[in-house]
Structure formats: structure tokens, C-alpha cells
Amino acid sequence: MTDLFENYLSSTGGLSAEEINFSAQFFKPIRLKKGDFFIREDESCRHIGFIASGAVKAYGVDKEGKENITCFKFENEFVTSFPEFVTQKKSRRSIRTIEDSVIYRINYPDYQHLLDQVTAWNGVIKSVMEHEYNQKERYLLNSNNRPAVDKYRHVLSCEPMLVQRIATQDLASYLGITQRSLTRAKRQLHRPNIL
């Protein structure tokens with residue numbers, strides 16, 4: 001297990017060193033190339049993962065085959081389709097890498113065993129779920145009925161990593177605007193003010 005994951009668990013303050021060591025054995029690393037799936041829509045959601053390096057996007061596909069991106073996850077974040085993981089149902093969205101990534105994943109039976117053996121994990125998961133909820137809330141507040149330039153301005157001030165690491169077409173999908181609108185918004189905000 002990487003120091004990164006163990007440091008993350010240690011930073012939560014809820015797990016002892018022994019509990020961290022015990023927990024680490026259940027998380028297995030997988031290396032994914034850019035474009036690989038971590039979870040596919042309409043397939044059983046069997047894993048939760050911790051991103052040690054890289055990044056992923058979560059999205060659904062509409063009737064026209066267009067991706068509608070709802071979130072991005074980066075290093076030091078857990079990733080899964082939480083409702084479907086907990087209920088062991090088919091995922092309603094895909095999670096795919098946007099960079100070469102290393103993800104430490106745990107399957108559902110091991111996850112259940114870990115929760116039974118280390119009750120402090122309930123606090124870790126609660127914290128992860130709260131982070132997930134806050135991220136969704138920010139996304140919904142920013143994506144509803146706002147002009148493209150305001151959406152882009154919000155991302156620049158609140159989520160600058162997206163501008164640095166996300167491809168233009170993915171960022172436009174996430175913001176619910178066209179690439180052309182995003183390009184216009186960028187020009188509008190970045191052009192020098194002429195007096």
C-alpha cells in the first residue's frame with residue numbers, strides 16, 4: 001500500500017496505526033491507462049477505489065450518445081458510484097480515467113468485512129460521503145441557469161485544477177455548455193482590459 005493512502009487514512013484522525021495496517025491489505029492497486037474504465041454504466045458496481053495518482057471523470061450517456069459529465073476525481077479521493085456500490089446494483093454512470101492512473105480498490109465483500117472489523121471506517125466513509133454530497137451540491141448550484149462566463153468564472157475561482165487538468169470538451173460537458181461557449185467565456189475573461 002502506498003504511503004499516500006496510509007497518510008490519507010492517518011489524516012482522517014479516526015484510525016489507529018494498527019487499523020490502517022489492517023485496512024491496507026484489502027485495497028489492491030490497479031494501473032489504468034488514460035481512457036480505461038474503472039466502472040462501466042449498466043454493469044454491476046463491485047468496487048470502491050482510492051486514487052493514488054491520476055484522475056477520472058464520471059458521466060452518463062444520453063440518447064444521442066453524448067457524455068454528460070457530472071464530476072471529476074483526483075489524487076487523494078475515493079471513487080465509485082456510491083448508491084449502486086452500497087446496494088450492489090448496476091451503475092447508472094461510467095467512471096473512466098482521463099489520465100494514466102493508479103487506483104487502490106476494494107471489492108464489496110472485503111469492504112463489508114472491513115466495516116465489521118474496524119468500526120472507525122464508518123467515520124471515514126461518512127466523511128467521504130459528506131465530501132461527495134458537497135461536491136454534488138456545488139456542481140448543481142453552478143450548473144443551473146447561469147451564463148457560460150459565470151460558470152467558467154466559478155470554476156476558475158473554486159476548482160482551478162479542472163482548468164489545469166481537464167480537456168476542453170470534458171470541461172464544457174461538465175459545465176453543461178458547448179465547447180464554443182467555453183472558448184468564448186475563456187476569451188472574455190482572459191483578454192486584457194483596454195481603457
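The values are calculated or read from the model by the stated rules, or taken from the named source; none is laboratory data. Computed from a prediction, not measured in an experiment: that's the story for all the values here. Counting neighbours? That spans all protein chains shown, and the Cβs are built from the backbone with ideal geometry, glycine included.
A count restricted to the range 1-10 and to residues that are surrounded by 14 or more Cβ atoms within 10 Å (Cβ to Cβ) and in a helix (DSSP H, G or I) stands at 6.
Among the residues of the range 24-75, the one identified as over 20 Å from E132 (Cα atoms), touching a helix residue (DSSP H, G or I) at 6+ places or on another chain (Cβ under 7 Å) and part of a strand (DSSP E or B) is E67.
Is it the case, given these coordinates, that N76 is more than 25 Å from H113 (Cβ to Cβ), touching a Phe, Trp or Tyr at 6+ places or on another chain (Cβ under 7 Å), touching a residue at least 24 places away in the same chain (Cβ under 8 Å) and surrounded by fewer than 18 Cβ atoms within 10 Å (Cβ to Cβ)? When the stated conditions are applied, N76 does not pass them. Within the range 11-23, being part of a helix (DSSP H, G or I) and of a type outside the set (F, W, Y) holds for S11, A17, E18, E19, I20, N21, S23.
Condition check for I103 on (1) within 20 Å of A17 (Cα to Cα); (2) touching a residue at least 40 places away in the same chain (Cβ under 8 Å); (3) touching a Leu at 6+ places or on another chain (Cβ under 7 Å): one failure, at (1).
Across the range 36-46, a minimum of one residue is classified as among the small types (G, A, S) and surrounded by fewer than 17 Cβ atoms within 10 Å (Cβ to Cβ).
Of the residues making up the range 1-51, those that are free of Cβ contacts under 8 Å to residues at least 12 places away in the same chain and of a type in the set (D, E) are D3, E18. If you go through the range 51-88, how many residues are β-branched (V, I, T) and more than 10 Å from the chain's Cα centre (by Cα)? Within the range 51-88, residues that are β-branched (V, I, T) and more than 10 Å from the chain's Cα centre (by Cα) number 4.
Out of curiosity, is E75 among the charged types (D, E, K, R), modelled with pLDDT of 90 or more and more than 11 Å from S101 (Cβ to Cβ)? The answer is no for E75.
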